[in-house]
1. Per 5 Å bin from zero, what fraction in whole % of the C-alpha pairs of the stretch 21-132 is there, up to the bin with the longest pair?
2. Could you go through the stretch 118-133 in sequence order and give the Karplus-derived ³J(HN,Hα) for each residue, using 6.51 cos²θ - 1.76 cosθ + 1.60 with θ = phi - 60°, rounded to whole Hz, and x for Gly and Pro?
3. Could you derive backbone 3J(HN,Hα) for the stretch 74-79 from the dihedral phi with the Karplus parameters 6.51, -1.76 and 1.60 (θ = phi - 60°), listing whole Hz in sequence and x where the residue is Gly or Pro?
4. Can you give the FRET efficiency for residue 81 and residue 134, using 1/(1 + (r/R0)^6), R0 = 22 Å, r = Cβ-Cβ distance, to the nearest 0.05?
5. Using each residue's phi in the stretch 88-93, evaluate 6.51 cos²θ - 1.76 cosθ + 1.60 at θ = phi - 60° and report the 3J(HN,Hα) Karplus result to the nearest Hz, with x for Gly and Pro.
6. Would you kindly state how much longer the chain becomes between residue 35 and residue 142 on full extension, computed as 0.36 nm times their sequence separation minus their alpha carbon distance, in nm to one decimal?
Amino acid sequence: MLQDIFDKFYLNNHPDGRPPGAFVKGILLLYLGLLIQTLNNYLDGFNFSAILFVFVAVGFLIFVTGEGKKWARIILSVLILLNVFFLGSSLLYSFGILHDSSASKKAIEMPVYLIILTLAEIIVELWGWALMFTKQADWWFNRKNTNR
């Protein structure tokens, strides 16, 4: 059943041919990371318009990266690395590693479910990002097509 859903994914039926499987899995992981990030932002109390803007903007970048646009891969890479840096520093603050005072520790402490979601988001995003830079994925970004 899961394989049927995977086979119906747009990139597996792309008009320019079929991209490498690792690249497709990377794009799907980035979409999963976007869903986790959206849930994380909602549970963390972000306002709806900010959540919607991030979802649409990052979703567009993931889609365009899947189309093989190098500029989108670069922008998405910068955003992923910044996101991982800020999420990682939030986790370090939450665990009390980056500060000493107990007053500031209570102000920044994250609930356990947000810590789990944040760790899942970091792992999924880094895994998907790594799959975008495999040797097989380079073929997809360097292919000749008429839509560029």
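1. For the stretch 21-132, the pair-distance distribution reads 2, 12, 21, 23, 17, 12, 8, 4, 2, 0.
2. 5, 4, 4, 4, 4, 5, 5, 5, 5, 5, x, 5, 4, 5, 6, 10
3. Karplus values, whole Hz, x for Gly and Pro: 5, 4, 4, 4, 4, 5.
4. Numbers: r = 17 Å, r/R0 = 0.79.
For R0 = 22 Å, the calculated efficiency reads 0.80.
5. Residue by residue, the stretch 88-93 yields x, 5, 4, 5, 5, 5 Hz.
6. Working: separation 107, 0.36 × 107 = 38.52 nm, distance 2.86 nm.
This chain segment gains 35.7 nm when fully extended.
Laboratory data are not the source of any read-out in this text; all were calculated from the coordinates shown. None of these values were measured; they are calculated from a predicted model. Note: ideal-geometry Cβ built from the backbone for every residue, glycine included; neighbour counts use all protein chains shown.
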